[in-house]
Each structure stands twice: as structure tokens, then as C-alpha cells.
Amino acid sequence: MNTANLATYNFAYLDEQTKRMIRRAILKAIAIPGYQVPFASREMPMPYGWGTGGVQVTAAILGPDDVLKVIDQGADDTTNAVSIRAFFQKVASVAVTTRTGEATIIQTRHRIPEEKLKPGQTLVYQVPIPEPLRFLEPRETETRKMHALEEYGLMHVKLYEDIARNGHIATTYAYPVKVEGRYVMDPSPTPKFDNPKMHRSEALQLFGAGREKRIYAVPPHTEVVSLDFEDHPFEIQSFENPCALCGAENVYLDEVVLDDKGGRMFVCSDTDHCEQRCASGHRGSLAYDGEIVR
Amino acid sequence: MTIDTLVFTGGFREPVFQSQSVFRTLMDCMARPGTIGRIAPAVLPPPPLGAMAGAVALMLCDQDTPVWLTPGLAGSALPAWLAFHAGAPVTDDRQTARFAFIEKAALLPSLSLFAQGTQDYPDRSTTIVVEIEAVEGGRPFRLTGPGIRDEAIVAPRGLPDLFAQMWSENRRAFPCGVDLVLTAGEEIACLPRTTVVHPLEA
Ligand SMILES: [Zn+2]
């Protein structure tokens with residue numbers, strides 16, 4: 001890539017002072033896994049809720065040699081993912097991919113790719129509400145104290161109320177985890193299906209919350225344990241049938257409505273995973289040879 | 001030599017891209033303690049500070065980050081260089097320093113004298129950049145902790161004899177404590193506060 005052709009100080013949109021500030025926060029976040037580091041979030045040319053926290057983290061770490069993948073709900077082709085990818089192509093001329101294995105940085109909303117991440121990859125999460133204790137305690141000064149004192153009893157009470165009411169823990173998204181035996185952390189609104197992928201991942205995981213102005217991190221090979229109880233151990237969602245397109249089992253599936261007569265199918269939420277399986281000849285119950293329609 | 005040439009002496013020629021690549025190397029090393037990063041520092045600070053420590057300084061320091069310097073560095077041209085290239089103020093107060101720089105062979109002060117952060121804000125602590133003789137060839141340590149699959153063996157040369165003891169005291173203060181960046185020549189290694197250092201027989 002010819003870096004000389006870029007407007008130097010606008011590479012990746014953020015000014016250099018902002019990048020330094022975010023980079024300092026990232027280093028502290030890595031050094032204190034699961035702890036939310038405050039940072040001075042900047043206005044970005046997209047509304048909050050579009051992943052401005054993740055975008056700022058990506059912009060601060062991104063270089064000319066990176067290959068960027070952006071997913072939203074597992075898909076590379078949703079409006080949110082397409083916009084963010086286009087943004088970084090424009091402001092950083094960065095190479096992009098939909099292939100999980102080819103990416104050096106993967107920015108995500110709501111999923112962790114099915115393909116096992118590798119050393120050298122960084123997964124950047126877009127986080128709406130970084131504080132796992134927020135719905136129990138609205139005051140920031142109090143939640144900060146609770147983290148400082150490891151006062152996580154209320155969180156267990158909340159999960160136990162789930163059990164009392166439903167017979168099982170009903171929380172399926174943003175299921176709280178404990179990082180390296182110390183900080184309770186919100187894994188962002190990923191399905192709890194993905195929680196085990198965070199545990200001792202080979203990849204560095206960075207979390208950016210723009211509106212709430214927090215950055216946190218899980219280094220590679222770090223213990224990430226979903227909160228549970230001895231008599232009600234943590235369980236991930238399971239699906240009755242494999243993916244209707246590629247036949248994959250043990251992956252997270254989305255329901256797709258086929259027609260207005262109630263026809264529907266369950267397919268991989270991770271579109272890259274599904275496409276690669278189809279391309280290598282795997283077939284599900286609703287796939288036609290030679291023609292895969294998503 | 002024009003004023004402009006003098007002005008930019010020793011700073012990054014391409015600040016955006018060079019500081020990004022120094023950062024990524026440092027981030028990888030912080031995320032994977034025991035990993036040795038190699039990168040051309042691309043800056044030339046005034047002696048006695050070495051180039052890699054200078055690159056870390058320009059990449060991370062600015063007007064928001066008071067910097068503590070050893071007497072040897074404080075008496076050199078470094079404060080002016082930092083002020084000029086980074087806008088970073090130098091402070092005598094280790095408790096307010098966001099960064100500290102220790103040149104090769106200078107005394108590494110007790111780590112507990114630097115800002116440790118608080119239980120509420122453990123991130124408000126000093127990051128100490130220590131120049132050592134070499135990242136290899138010294139007394140071996142076994143490292144465990146986040147970022148390390150099972151264990152990592154490192155043997156930095158030029159750390160104090162009592163380093164393992166100093167570090168275990170720092171480790172006990174978790175989540176408070178300082179983080180270390182070790183530099184030598186074009187090499188860099190990190191010890192975040194989470195890393196457990198076990199001395200090995202040389
Ligand atoms: Zn599939």
C-alpha cells in the first residue's frame with residue numbers, strides 16, 4: 001500500500017492525540033483484564049448504537065498492513081457491517097475480507113466467529129452497555145465500588161431469581177462472565193452460546209463502548225468463566241437440527257422465514273462459516289447442489 | 001540547517017504510521033507477556049535515552065501525561081525533546097506520573113513509589129519504561145498469567161538482582177500496581193501487573 005497518498009493525519013479518521021489516548025486506555029485494559037477503563041470517547045461520523053466504541057478502538061489500532069473483517073449478528077453483509085467496512089476502506093484504505101481466517105482485525109456486534117481465532121488476530125467488540133451491574137445499580141460510583149470490593153453477590157441473586165422464576169437461568173444474551181477470577185464483565189450482547197469461545201482464546205479481545213466511554217480487554221489465554229451455580233451449571237443454547245444450508249452442527253443458528261405460509265429454516269448466523277462449508281461441499285437439508293440461496 | 005530541520009530532529013518522520021507500528025508491537029507484547037517484539041524505533045532521542053524508549057515516549061506521551069525521569073535523564077536534553085515533540089510535561093512526583101523512564105544502568109526505584117492506581121481506578125497508575133542491556137542472556141524467569149498459554153521463559157539482562165521480589169510485591173497489589181515496558185536496542189518486552197514471575201536457576 002502506498003501510504004504517501006493518504007492525508008497523513010486523517011489516517012483511520014481519528015487525530016493522533018485521540019489515538020494516543022485510546023492506545024493508553026487499551027494498554028491499561030490489557031493489563032487489568034475485565035476492568036473497564038474510562039476514555040474520552042470522540043464524536044464519530046455515525047450515530048451511537050452503530051458501534052462508535054468499537055470503531056474508535058479499531059481506528060486506534062489499525063495499520064496499513066491490516067486486513068479488516070466487520071460482522072453484525074454474524075453477517076458481513078448487514079447495513080451496519082457494510083457501513084463500518086466502507087468507512088475504514090475510505091479513511092484508511094485498509095484491505096477488507098469476509099473470511100475469518102484472513103482477517104487480522106475483526107470488528108463485531110453480537111457474535112464471535114465460529115472458526116477458531118488464531119494468535120495475532122484481534123477481535124474488537126462494539127459494546128452498548130459495558131457495565132454488567134448497571135441494571136442492578138444505576139449509580140456509576142456504586143458499581144465502581146462493587147467492582148473494587150468484588151461485591152458480586154447481587155449479580156448471583158439476579159441469576160438465581162431467574163432460576164426461581166423459570167427453573168433455569170433465562171439470560172441468553174450478555175451473559176455475565178468472570179475474567180481471570182477477578183472482574184465480572186459484560187461480554188456485550190453476544191449470545192451465551194459464544195461465551196465459551198472467549199475462554200483462553202488465542203486472539204486478543206478488545207471491547208469499546210462509545211456512548212458509555214469505556215474500553216476493556218481480555219488478553220489471549222485468559223480465563224473467562226460464565227457465572228453459574230453448582231446445582232444449575234452454565235449451559236449454552238443447543239439447536240435441534242443442523243444448519244439447513246451447510247449441515248453444520250454445534251454452531252449458532254438464526255431463524256429465517258421462507259414464505260408467508262409459516263415456512264422457515266434455521267441457518268448459520270456466521271455467514272462466512274456457512275459459505276465456506278457450502279463451498280467445500282457440505283450440504284444441509286434445504287440446500288440444492290450448485291445453487292445456494294441465502 | 002533550517003529551523004524546520006532542527007525542529008524535527010529525532011522525532012518520527014512519519015508520525016502516523018510509525019507510531020501505529022510501534023503501538024501494535026507494544027500492544028502485542030503487553031497482551032502476550034514473554035513475547036519479544038522487534039521494530040525499528042525510527043526516532044533518535046537525546047542521550048542517554050535509547051531509541052526504543054524514545055519511540056514509546058513519543059507514541060504514548062502528550063500534554064495529558066506527566067512523565068517522571070531519572071536524575072540522569074532529567075539532567076539531559078530529554079525534557080526539552082519531550083516537551084517539543086510530545087508536549088509532555090516532566091514531573092518530580094512519581095505519584096502523579098503516568099509514565100516513567102529509566103535509562104540503561106540507572107537505578108530502578110522501588111516500584112511502590114510510583115502511582116499504583118486506586119481500587120476504584122486501578123488504571124491510574126504509572127507505566128514504567130525500563131531500558132535494559134538485552135532482552136536475552138540474563139537470569140532466566142518463568143512467566144505465567146493472562147496472555148501466556150502455559151508458561152513463557154524470558155531472560156532479560158540488566159534488571160536489578162532483586163527484581164523477582166520487587167515484582168511479586170507489585171503483583172500482590174493487583175488490581176493496583178505498575179506495568180513495565182522493557183526495551184533494548186530494537187527489541188521490546190512487557191510485564192503487565194498480572195504476570196507472575198518465577199525465578200529460575202541460571
Ligand atoms: Zn450453515
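The values are calculated or read from the model by the stated rules, or taken from the named source; none is laboratory data. Computed from a prediction, not measured in an experiment: that's the story for all the values here. All Cβ positions, glycine included, derive from the backbone under ideal geometry; neighbour counts span all protein chains shown. To get the accessible areas, we keep the full protein, side chains included, count just its heavy atoms, and leave off ligands, DNA and RNA. Shrake-Rupley method; radii C 1.70, N 1.55, O 1.52, S 1.80 Å.
Structural remarks
- Boolean, B:M52 is of a type in the set (A, V, I, L, M), in a helix (DSSP H, G or I) and either closer than 20 Å to A:D15 by Cβ or within 13 Å of chain A (Cβ to nearest Cβ) (or both): no
- Residue in region A:54-71 that is open to solvent by 10 Å² or more (accessible area, probe 1.4 Å), closer than 18 Å to B:F23 by Cβ and at the interface with chain B (Cβ under 8 Å from one of its Cβ atoms) present: yes
- Cβ-Cβ distances below 6 Å connect the following pairs, each with a first residue in region A:258-285 that is touching a residue at least 24 places away in the same chain (Cβ under 8 Å), a second residue that is in a helix (DSSP H, G or I) and within 12 Å of the ligand (Cβ to nearest atom), and a separation of six or more residues or different chains: A:C268/A:C274.
- In region A:112-171, the qualifying residues are those that are aromatic (F, W, Y) and surrounded by 15 or more Cβ atoms within 10 Å (Cβ to Cβ), and the one that is nearest to B:A173 (Cα to Cα) is A:Y152.
- Out of A:I215, A:I169, A:I163, sole residue that is modelled with pLDDT under 90, touching a Lys or Arg at 6+ places or on another chain (Cβ under 9 Å) and away from the ligand (no atom under 16 Å from the Cβ): A:I169
- Meets criteria (outside any helix (DSSP H, G or I), at pLDDT 95 or above and over 23 Å from A:G63 (Cβ atoms)) for B:L73: no
- For region B:14-40, residues that are part of a loop (DSSP other than H, G, I, E, B) and either open to solvent by less than 10 Å² (accessible area, probe 1.4 Å) or within 10 Å of chain A (Cβ to nearest Cβ) (or both) total 4.
- Checked against the criterion of being without any contact (Cβ under 8 Å) to a residue 24 or more places away in the chain, over 24 Å from B:V56 (Cα atoms) and touching a strand residue (DSSP E or B) at 6+ places or on another chain (Cβ under 8 Å), the candidates B:D150, B:D161 yield just one match: B:D150.
- Here the condition is being surrounded by 20 or more Cβ atoms within 10 Å (Cβ to Cβ) and either in contact (Cβ under 8 Å) with a residue 24 or more places away in the chain or away from every other protein chain (no Cβ under 14 Å) (or both); of A:D254, A:D194, it holds for A:D194 alone.
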